[in-house]
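Worksheet: the structure to be examined is printed underneath.
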Amino acid sequence: LDIGSITTAAQAGALYGFQLAWAIVLGALCIIFLAEQSGRLAAISHRTITDAIRERFGSNYFIVLFGVLGVVMLLVLGAELGGVCIAVEFMTGIDYRWWAVPVALVGWLTIWFGNFAVIEEGVAALGLVTISFAVVAVMLHPDWIDVAKGLLPTTPDHDSARYWFLASNIL
């Protein structure tokens, strides 16, 4: 879970209820398969995906792809830092803009001075936060029949362009 997927899922739920639950399940399955296949590629070929792309398609293609990935990673980093700032605002009541530099500084110091174990265990501990989403979902006592209906792709009741836009963003 990242701030983009949380906000997109929240927007989808606010507009369409459980009607886009199928996209969340399909997206999760796609991520599972991507991670599994990436691990297989690395284990068998002893190369990362980027190395395999460079070998298969050449350096020119790789440079373009690397540039695009760099821009996307910077955008994701900005969104993640913004998400942390908003979370800290919720905890403290201090406007999120005041937290931008301290949050970025703590992140940078963690990466700069922390070893791999600190980063790995910290991310794993933060990953436990995702369990809270499942717990809260059960505590809210949703209509499980509506949830089950949402697991089957359907056409939207209204605003089909926004529906498919959100579905593609979730995926």
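Points to keep in mind about this one:
- In the context of the full set of protein chains, the stretch 39-108 has a per residue accessible area of 78 Å² (1.4 Å probe).
- In range of the label at residue 25: residues from the stretch 142-171 whose backbone nitrogen is under 18 Å from the point 7 Å along Cα→Cβ: 142-156, 167-168, 170-171
- Gain on full stretching of the segment that runs from residue 89 to residue 124 - 0.36 nm per residue minus C-alpha separation: 10.3 nm
- Using a Förster distance of 22 Å, the FRET efficiency for residue 155-residue 6 (Cβ separation, nearest 0.05): 0.30
- Largest first, the residues 112, 99, 164, 22 sort by 1.4 Å accessible area into 112, 164, 99, 22.
- For the stretch 6-48: rounded, prolate or oblate by the Cα gyration tensor [a/c cutoff 1.5]: prolate
- Prolate/oblate/rounded label for the stretch 1-111 (Cα gyration tensor, a/c 1.5): oblate
- Taking the protein heavy atoms of the chain in the context of the full set of protein chains, the accessible area attributed to carbon and sulfur is 74 percent at 1.4 Å.
- Sorted on the mean count of surrounding Cβ atoms within 10 Å across their residues, most packed first, peptides 75-82, 129-136 read 75-82, 129-136.
- Cα gyration tensor shape for the stretch 23-171, rounded if a/c is under 1.5, else prolate or oblate: oblate
The values are calculated or read from the model by the stated rules, or taken from the named source; none is laboratory data. Please read all numbers here as calculations on a predicted model, not as lab measurements. Glycine gets a Cβ as well: all are built from the backbone with ideal geometry, and neighbour counts include every protein chain shown. Only protein heavy atoms, including side chains, enter the accessible area calculation; ligands, DNA and RNA are left aside. Shrake-Rupley method; radii C 1.70, N 1.55, O 1.52, S 1.80 Å.
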